[in-house]
Amino acid sequence: MIRKIKLFILGALLTLSSGGVTNDSRDGFSSEEQGTLKRSYRQHPLIDTLLQSVNPKYEPKQPDDFFDFLRDQYPLPDGLKSPLSEYDYIIVGAGSAGCTLAARLTEDPKTTVLLLEAGKGEMFTTDAPAIAAFFQRTDYTWQYFMEKEPGVCLGMINKKCFWPRGKAIGGTSVINYMIYTRGRPEEWNRIAAAGNVGWSYDEVLEYYKKSERSSLRGLEDSPHRGRKGELNVEFVQYRTPMIDAFLEAGRERGIPTVDYNAPEQLGFGYVQSTTQDGKRVSAAKAFLHRNKNRPNLHILPNTRVTKVLIDSMTKTAYGVQYVRNRLKRNVAARKEVILSAGPIASPQLLMLSGVGPKDHLSSHGIPVIQDLPVGRTLYDHISFPGLIFTLNTTGMTLSESRFAQLPGVIQTVTQWLQYGDGPPASPGAVEGIGYIRTPVSNDPDPVPDMELISIGGSLVSDGGPGGSKAVRRGMMISEKIFDAAYGSIDDTDTWSPFLMLLHPESFGFIELKDNNPWSHPRMHGRYLSDAGGKDVATFVAAVRFVQELVATTPFQRFGARLHRAQYPACRALPFDSDAYWECAVRTLTATLHHQIATCRMGPAGDPQAVVDPRLRVHGLRNLRVVDSSIIPRTVAAHTNAPAIMIGEKAADMIKEDANR
């Protein structure tokens, strides 16, 4: 146990003190801002000494190699030194959908699958849910930035929203906050009604249940939960008193405490997380770890796919081009190429391969194979994390400064490693989820327009002298603006709900920067740009709802008071006015990494569709997209569980099509 604790703390130091900001990810930043980014990744001089104390044979290596002996390994089976030249299926991207799909397709020992991933294997430091924020700015992520746009992300470094996506075996499930949500029945039924046969709520529910291994106390008899799947879902064992205040206040306001993933009614509930005994369960842990030694499943980490190979005459995909160890190679697919690279990389790869908007591809000198609206629709869930309430009690919330001091941290880590509880088990301090309909909603169906994410603290819980400031840095909030707004309450006991807009009217798009596969694409969120201003009005209405919620007895027991944040851009506006809150939301506009619809699903004849309801790319043969980019419209869900469900459903469709 002592060695395990030592390794964990060492691994945490390594992971949190390094990582890469590529030149491309710094594009558009001033020299001063680039210096700030570089300082975030400075290597601690004691790391080599610490490594040698664990492994006497360790020799200092380049930064990209520091973690190799701690990472999950995926050697090719049967002693192979290199992959085969041909497989039945090639899956690009080992994220939530890709891991699921690879595991299901290789259940048939006669089916060969090559799974290609640009990132590396995870390490056991990612198991700790509490430090999820740290991984947003390590080499486990693609360091994407949204293009600078007027009136949003004003409080972020260089006024650009940060869009980290997972770059690991396991994808974004290695760095996310492990929140398990599915979407409301009405939302999936609308998707099916638009011509997407097979995607109604009852139909997707069976695939949610297939993956799930529910360990939710009190819901053992629920007909909506799965119990025999690979993905563990549980209630978080460690809670602060603030979650009980949140749920009790909801009941006082007539909002029931429910299983928020059940279809019957909206309400508040304890967060359900993809963890097991307080430790993260990534898609890789759930679907690959027990299957990675299958002789018919070959997994290549650190492998960058640069192009899908498509015969322009027959419009048939027959393989991919990839770069590994600085060598460019081709590999062939006998049956299908499947893109599971996520809502940014999948559309980028399609466009680089000649599949996308004709005029856009031609402008970059890319021969057009199929003219499709790839990337022309991009929805995202944005949040406002700046609604913070101070408390007149101490020790009631999660505080990094309180739990990170030695020797207490050793006792805390020991308890978590042995029993799966204590502060490390809290998924980024998220404790509860609440769905509400604000007065702004004109939806005829009982669909929420706002999600409240109850935090056992707030943005200031990671501060104080020597604090990591991981949450604020993970969002790339400007230090100057943060200090002006929250410096007076930094590292104090507070409570906050993150407000997440579920069904924005605004939507953006993604396009290529150039025809270089190593360049990041240009991402335009176009947040809060709807002509009618409904998105802003929904945020303001949610703020008013929370103010009424906090006025109830459960919160007033803790003396909860709204903090008067002094945002520099909002100082001329009366505090607590609607205009002030609009300015606040435009200052702290934060993505929750739920981009969808960039490879939009729709039937033949849908001018916005890229793939059909069986996820086949329109007009092409042997090419599918299987990830969250196919979801055609917003759903009330964090996208990890839907991506896994999509992988499950796609596996069955692929097997059915192969047997026809």
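Values in this text are rule-based calculations from the coordinates and carry no lab data. None of these values were measured; they are calculated from a predicted model. FYI the Cβ positions are ideal-geometry reconstructions off the backbone, even for glycines, and counts take in every protein chain you see.
General remarks:
- For 631, 382, order by how many other beta-carbon atoms lie within 10 Å, fewest first: 382, 631
- Histogram of C-alpha separations across segment 452-606, 10 Å bin width, %: 9, 31, 34, 18, 7, 2
- Stokes-Einstein D in µm²/s, Kirkwood radius over Cα pairs - segment 437-539 at 4 °C with 1.567 mPa s viscosity: 77
- Look at 137, 564, 71 and count the other Cβ atoms within 10 Å of each Cβ; fewest to most, that gives 564, 71, 137.
- Note on the chain: helix-only mean residue ellipticity at 222 nm, from DSSP H runs of 4+ residues weighted -39500 (n - 2.57) and normalised by residue number, equals -8000 deg cm²/dmol.
- In this structure, the pairs whose alpha-carbon distance is over 24 Å, taken from 120/335; 358/655; 160/513; 120/228; 358/513, are 120/335; 358/655; 120/228.
- Ratio of Rg to Rh for the chain: 0.94 [Cα atoms; Kirkwood radius as inverse mean 1/r over pairs].
- Least to most buried among 82, 478 (fewest other Cβ within 10 Å first): 82, 478
- Shape category assigned to segment 221-271 from the gyration tensor of Cα positions, a/c cut at 1.5: oblate
- Which of 141, 185, 101, positive extreme of dipole for segment 85-202 (C-beta unit charges): 141
- Lacking any other cysteine beta-carbon closer than 4.7 Å, the following Cys residues of the chain have no compatible partner: 99, 599.
- Near the amide H of residue 306, within less than 5 Å, lie the amide hydrogens of 321, 322, 323, all on another chain or at least 5 residues away, with H placed in the peptide plane.
- In a simple Cβ point-charge model (Lys, Arg +1; Asp, Glu -1; nothing else charged), the chain has a dipole of about 1620 debye relative to its Cα centre.
- Between the residues 343, 410, 70, the greatest Cα displacement towards the positive end of the dipole of the chain, with unit charges on the Cβ of Lys, Arg, Asp and Glu, is found for 70.
- Segment 129-157 and segment 502-548 have their alpha-carbon centroids 15 Å apart.
- Loop-resident sites, segment 244-288, for trypsin sites (Lys or Arg not before Pro), counting at most 14 other Cβ within 10 Å (DSSP): 253
- Kyte-Doolittle mean at least 1.6, axial Cα span of 30 Å or more - DSSP H helices of the chain: none
- Three-way shape label, segment 182-289, alpha-carbon gyration tensor, a/c 1.5: oblate
- Taking 17 Å as the straight-line reach from the Cα of residue 285, the aspartates and glutamates in range (excluding those fewer than 8 positions away in the same chain) are 72, 107, 117, 122, 127, 212, 230, 234, 277, 648.
- Sites count as exposed loop sites when they are chymotrypsin sites (Phe, Trp or Tyr not before Pro), lie in a DSSP loop, and have at most 13 other Cβ atoms within 10 angstrom; the longest stretch of the chain without one is 1-517.
- Shape call, segment 115-255: gyration tensor on alpha carbons, a/c limit 1.5: rounded
- Where trypsin sites (Lys or Arg not before Pro) fall in DSSP loop in segment 98-135, at most 13 other Cβ within 10 Å: 110
- Under the combined filter of DSSP loop state and at most 15 neighbouring Cβ atoms within 10 Å, segment 313-402 retains these trypsin sites (Lys or Arg not before Pro): 326.
- Under Stokes-Einstein, with the Kirkwood radius over Cα pairs as Rh, the value for segment 553-660 at 25 °C and 0.890 mPa s is 138 µm²/s.
- Ratio of Rg to Rh over segment 253-392 (Cα coordinates, Kirkwood Rh, two decimals): 1.11
- Relative contact order, percent, the chain [alpha-carbon distance under 8 Å, six or more residues apart]: 20
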